Each structure stands twice: as C-alpha cells, then as structure tokens.
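Report on the structure given below.
The values are calculated or read from the model by the stated rules, or taken from the named source; none is laboratory data. On a predicted model such as this, the values are computed, not experimentally measured, just so you know. Virtual Cβ from ideal backbone geometry, glycine too; neighbours counted across all protein chains shown. We work out accessible area using only protein heavy atoms, side chains counted, and drop any ligands, DNA or RNA first. Shrake-Rupley method; radii C 1.70, N 1.55, O 1.52, S 1.80 Å.
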Amino acid sequence: QGCNLSLTARLRGQLFVLYFGAAMAVRHIVMFRLKAETTAEQKEQLMEAMRGMQNAEGLKDIIKALRVGEDLGIPHPSGPNASIAAMVDVESQEAYELYAKHPEHVKVIEGFIKPVIEPGSRTAAQFNIPAVGQI
C-alpha cells in the first residue's frame, strides 16, 4: 500500500509539472518527544545540529528553508505535545528524497536524535507547497 501512496504522490507531482510547468516544493515536518532523562545540554546540542543542517556541505544546496523549535509547554487535552518540531522546505520530491538519505542528515539522526528520542513518539509528514519558505 505504501508503494501506491508513493506512486499517487509522484503522479500528482507530475500532473502539476505538466499543468504549471514546474515541480512543486515539498515541506517536511517532523516532531518527536524527548526522553525524560534528556539533559538541557543534549537538547541544545540536538537543536544546534538540526539547525546546522542548513549550512552542512551537500545539504546547503538542498535545504531552502529550515526552522527548528521547542514546544512552549502549553498543555492540550488530547495528550502530550512533541518536545521538538522541525520544518524543512526543499524544491521537489526528488530533493526531499536526497535530503532524507543524505549522510549529514543521517548523522544528525544517529548522533543527536536517536540517543534522546522517546521511542514511538516521532511523527512526520511531507506535503506540496507552492513555494519554499512560505506558509
């Protein structure tokens, strides 16, 4: 079924290109909670590493906009919020796929996120946007 969703998304992107003459930008949003024992230093290093991807060799040409933020701690009746959220804009689905598997991105995941993420708390979505950096 995942294959069909991917195929559907690709076809949608191809139809957009045929109609408008350009690929749509992609926004990737990811959120996760941190383990209770995560230190303030670990959290700051994590957020620095995530922000640093925008200037990392090989990623600085792929990432067109990047925002990383920490939850404000405002309670919600439906359950706990994520601790950290990131929004990454790239020019196309192909650019997102390059970003997702890029060694600098994987290094941030392995070295900074995995050691402190609360298991099972990650959620993400990728969707088309008319232009990078715009709501």
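Some points to look at:
- Residue check, Ala65 within 12 Å of the chain's Cα centre (by Cα) and more than 22 Å from Thr39 (Cα to Cα): yes
- Among residues of region 72-107 being more than 22 Å from Ala131 (Cβ to Cβ) and hydroxyl-bearing (Ser, Thr, Tyr), the one that is modelled with the highest pLDDT is Ser83.
- Among the candidates Ala49, Ala9, residue that is open to solvent by less than 50 Å² (accessible area, probe 1.4 Å) and modelled with pLDDT under 95: Ala9
- Enumerated strands (runs of 3 or more DSSP E) restricted to region 37-135, each holding at least 2 residues that are touching a residue at least 40 places away in the same chain (Cβ under 8 Å) and not aromatic (Phe, Trp, Tyr): 84-90, 123-129
- Scan of region 108-135 for residues that are over 13 Å from the mean Cα position of the chain (by Cα) and either more than 18 Å from Arg27 (Cα to Cα) or charged (D, E, K, R) (or both), ordered by number: Glu110, Gly111, Phe112, Lys114, Pro115, Val116, Ile117, Glu118, Pro119, Gly120, Ser121
- Any hit, region 83-94, residues being under 27 Å from Ala25 (Cβ atoms), out of contact with any Phe, Trp or Tyr (no Cβ under 9 Å at 6 or more places or on another chain) and open to solvent by 60 Å² or more (accessible area, probe 1.4 Å): yes
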